[in-house]
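Okay, so here's the structure we're looking at.
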Amino acid sequence: MFLIIGAAIFSRLLAVTGAAQWLSAEMQVISDNPVLFFFMLVILYLVIGTFMDAIAMMLLTVPLLLPIVVNAGYDPIWFGVFVVLMAEIGLLTPPVGMLVFIGHGMVQNPEINMGQKISLPDVFTGAMIFVPLALVVVVLIGLFPSIVTWLPSLAAQ
């Protein structure tokens, strides 16, 4: 609850002070090169995702980055899908890795693990297989944004 209130205040502060527009103007140099801008976003969300949960990451970064992304020529729907994918990657990566802790708690049930001892590093190792695959998907939607925007544009017709 406090996170949502804080994010609402933060969004309002950005709107009133014009910080998002100022940052967008300053980032124009980077956003002129779409490949550099895309990989900057990927690295930013990878770093933030390792320390924050998905909701906090979205509430704190989307109000600041959405105007910049739109000014760079990206579709807002594409950016939403990108942020959700990066949040999912963040939920798998250490040190927070909330989904891995949930999975570890689930495999402690004797009906699921069939009497085997499954440690937390075993679950992290099993989950790390999906991180490069998810990054491949992120790169694919970066190279071909129509993968994301095809169905919404079809529904808009």
Inset, instruction - For segment 138-157, name all the residues that are farther than 18 Å from Pro76 by Cβ and either surrounded by 15 or more Cβ atoms within 10 Å (Cβ to Cβ) or at pLDDT below 85 (or both). - result: Gln157
Legend entry - Given (1) under 13 Å from the mean Cα position of the chain (by Cα); (2) at pLDDT below 90, index of the condition Ile112 fails: (1)
Inset, instruction - Take the residues in segment 42-65 that are among the β-branched types (Val, Ile, Thr) and under 13 Å from Phe79 (Cα atoms), then tell me which one is modelled with the highest pLDDT. - result: Val42
Inset, instruction - Look through segment 80-109, keep the residues that are under 21 Å from Leu135 (Cβ atoms), at pLDDT 85 or above and β-branched (Val, Ile, Thr), and return whichever of them is surrounded by the fewest Cβ atoms within 10 Å (Cβ to Cβ). - result: Val84
Legend entry - Any helices (runs of 4 or more DSSP H) falling wholly within segment 29-136 and containing at least 2 residues that are hydrophobic (A, V, I, L, M, F, W, C) and farther than 24 Å from Arg12 by Cα: 34-51, 76-92, 98-106, 120-127
Legend entry - Search result, residues across segment 131-157 that are under 17 Å from Gly80 (Cα atoms) and in contact with a Leu (Cβ under 8 Å, 6 or more places away or on another chain): Ala134, Val137, Val138, Ile141, Ile147
Legend entry - segment 43-79: number of residues that are surrounded by fewer than 18 Cβ atoms within 10 Å (Cβ to Cβ), within 13 Å of the chain's Cα centre (by Cα) and more than 28 Å from Ile5 (Cβ to Cβ): 1
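The values are calculated or read from the model by the stated rules, or taken from the named source; none is laboratory data. Quantities reported herein were computed from a predicted structural model and do not represent experimental measurements. Positions of Cβ are generated from backbone atoms using ideal geometry, with glycine treated the same way; all protein chains shown enter the neighbour counts.
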